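Take a look at the structure below.
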Ligand code: NAP
Ligand code: MG
């Protein structure tokens, strides 16, 4: 697709591309040069009603979707995975243009989406119920049944990955879905829905409604035929959704970000830890719920570690996300850059030392984009707001610590608990620390958070429920228990 063409997209409801009731459009600009890249429909409440109605229809007892055997469901999900791989180049380019993330990161994300459909295709014919000897005699047997219409609300930081890791398990377990992408980044979800139809997923099973969450969010969450909401995004909206869902006892899964600790002990492989400290904090320009933005370094190596890290940060290739050599692109929107710039100012006001970055690159060709140079704050007090609040940008806050107990205390001094890392060559210490840190995901001598075969989600205000692995299947099924008397 040529760089300067504007893509025109519609809603995707019931297997059809539709302009919806109002036909109102909004334009999406590129985070790199602020030029228009797409025009999409701003859905209203009537469009939400249509999408939920067709999804609900697709769930009726004799619908083509309900009539698919588990093997048929496996086959269509595998076909969708193969189609994502076939179109991976275009999808990655689209994601890169839309989000501003470097092409190399967008490729990994598309690969994760394809892997995700492949993985959940594999569970369709393997996850079943139990037979249980009831104490009163007779027999209990259990079925795992789909819940019904699931609304999947997706953020802008990893659009195709998060759309896939919600959609794939929901479909694998037999549910129909309505996807609500973030306003800024709906493009790959719309492509995915078209590929799903091509793969043989019946019309109405996967619908995509684009538009502002503040306009259609309530209609999606409150609709009486919606039985489950899976949301990834901010705490404010997550909490609002949970309250609205309470009226109707809807199932809710929330993934709400983090402020994760990267703990470096003196005995660690320091060069490896320093490399990882860069990208486990700054991947996707730090717009990552798993970003290890709090860097806890043991005092004997604190100064040396930071000077090595500073050199690395200064060498990061900031630039056009579509260029192969680019390592860090712009932030997603001007308001996100605004937010990050305010935190950089706040850090200075709070008394932390800004060692590098936090400003805008002075290259003319980047002047129109939402860029922020990678920033490092040192001598940060764990109670400062820059060490407590999710900045969601390329900003690392470094905190020195003395003992293992102190490291654990600082790591747990957070209302969040999503991700984290521990760097040490002492296996006993590694195990003590991973058990003591209150977080849903933690790595030893690695900066990785997401393995689609393992559960992913947060402690404390980072959310509730789990995505990925087999654990997510509990969130897309109801257990039905059937008692059979043998008397
Ligand atoms: P957000 O408002 O929570 O957006 C996330 C998703 O929720 C988007 O699809 C959004 O749609 C939708 N939404 C917004 N208001 C809604 C409502 N009332 N009902 C239902 N859905 C609604 O997040 P944001 O404003 O884009 O970002 C703000 C901050 O949230 C970030 O700086 C970051 O700290 C955090 N965040 C966390 C994650 C994460 O991965 N956990 C992801 C994104 C943001 P619209 O795009 O149309 O508003
Ligand atoms: Mg918002």
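Extension gain residue 269-residue 445, at 0.36 nm per residue separation less the Cα-Cα distance, in nm?
62.5 nm
How much FRET efficiency would the formula 1/(1 + (r/R0)^6) give for residue 139 and residue 438, where r is the Cβ-Cβ distance and R0 is 41 Å, rounded to 0.05?
Result of the calculation: an efficiency of 0.50.
Treating the angle as unsigned and between 0 and 90°, give the value, to the nearest 10°, between the Cα long axis of helix 299-315 and the longest Cα principal axis of the chain.
Tilt of helix 299-315: around 70 degrees.
Compare the peptides 387-397, 404-414, 46-56 by average per-residue count of other Cβ atoms within 10 angstrom and give them in order, highest first.
Ranked from most to least packed, the peptides come out as 387-397, 46-56, 404-414.
Which distance in nm do the two modelled labels at residue 225 and residue 338 give, with both placed 7 Å along the Cα-to-Cβ direction?
3.8 nm
When N counts the residues of the range 360-487, how does its alpha-carbon radius of gyration compare numerically with 2.2 N^0.38 Å, as a ratio?
Normalised Rg, Cα atoms only: 1.48.
Using only the alpha-carbon atoms, what does the chain span along each of its principal axes? Please give whole angstrom values in decreasing order.
72, 62, 40
Please give the length that would be gained between residue 90 and residue 21 if that part of the chain were fully extended, namely 0.36 nm times their separation in residues minus their C-alpha to C-alpha distance (nm, one decimal).
21.8 nm
Taking R0 as 25 Å, what's the FRET efficiency between residue 389 and residue 348 from their Cβ-Cβ distance, rounded to 0.05?
0.95
Would you mind calculating the gained length between residue 39 and residue 198 on full extension (0.36 nm times residue separation, minus the Cα-Cα distance), in nm to one decimal?
54.9 nm
Using only the alpha-carbon atoms of the range 136-186, report the extent along each of the three principal axes, biggest first, to the nearest angstrom.
Here the Cα extents, ordered largest to smallest, are 58, 17, 15 Å.
Which shape class, rounded, prolate or oblate, goes with the range 308-369 when its Cα gyration tensor gives a ≥ b ≥ c as root eigenvalues, a/c under 1.5 marks rounded, and past that a/b bigger than b/c marks prolate?
oblate
For the range 271-333 and the range 1-75, write down the distance between their C-alpha centroids in whole Å.
For the range 271-333 versus the range 1-75, the Cα centre distance is 36 Å.
Could you check the spin-label model distance between residue 478 and residue 63? Points 7 Å from the Cα along Cα→Cβ, value in nm.
Result for the modelled spin labels: 1.5 nm.
Residues of the range 245-274 with backbone nitrogen within less than 11 Å of a virtual label 7 Å along the Cα-to-Cβ line of residue 304, please, listed as ranges.
Only 266-268, 270-271 pass the distance filter.
Students often get this wrong: which residues of the range 462-487 have the backbone nitrogen under 14 Å from the point 7 angstrom along Cα-to-C-beta of residue 453?
Answer for the range 462-487: 469-471.
Please arrange 339, 191 by counting, for each residue, the other beta carbons lying within 10 Å of its beta carbon, fewest first.
339, 191
Using the alpha-carbon centroid of each, what span in Å lies between the range 132-172 and the range 179-198?
21 Å
Normalised by the residues of the chain, what does the relative contact order come to in percent, with Cα pairs under 8 Å and at least six apart?
Worked out over the chain, it gives 17 percent.
Apply 1/(1 + (r/R0)^6) to the Cβ-Cβ distance of residue 247 and residue 413, taking R0 = 25 Å, and write down the FRET efficiency to the nearest 0.05.
About 0.10, to the nearest 0.05.
For the range 261-449, just list the percent of Cα-Cα distances falling in each 5 Å bin from zero outward, please.
Percent of pairs per bin, in order: 1, 8, 18, 22, 21, 15, 8, 4, 2, 0, 0.
Using alpha-carbon positions, what is the distance between the centroids of the range 366-440 and the range 466-487, in Å?
Cα centres, the range 366-440 to the range 466-487: 37 Å.
Compute the whole-percent fraction of alpha carbon pairs in the range 1-134 spaced more than 17 Å apart.
73 percent
Only the coordinates and a few stated rules stand behind these numbers; no lab work does. Everything quoted here is computed from the prediction, not taken from an experiment. Here the Cβ is made from the backbone with ideal geometry for all residues, glycine too, and neighbour counts use every protein chain on show.
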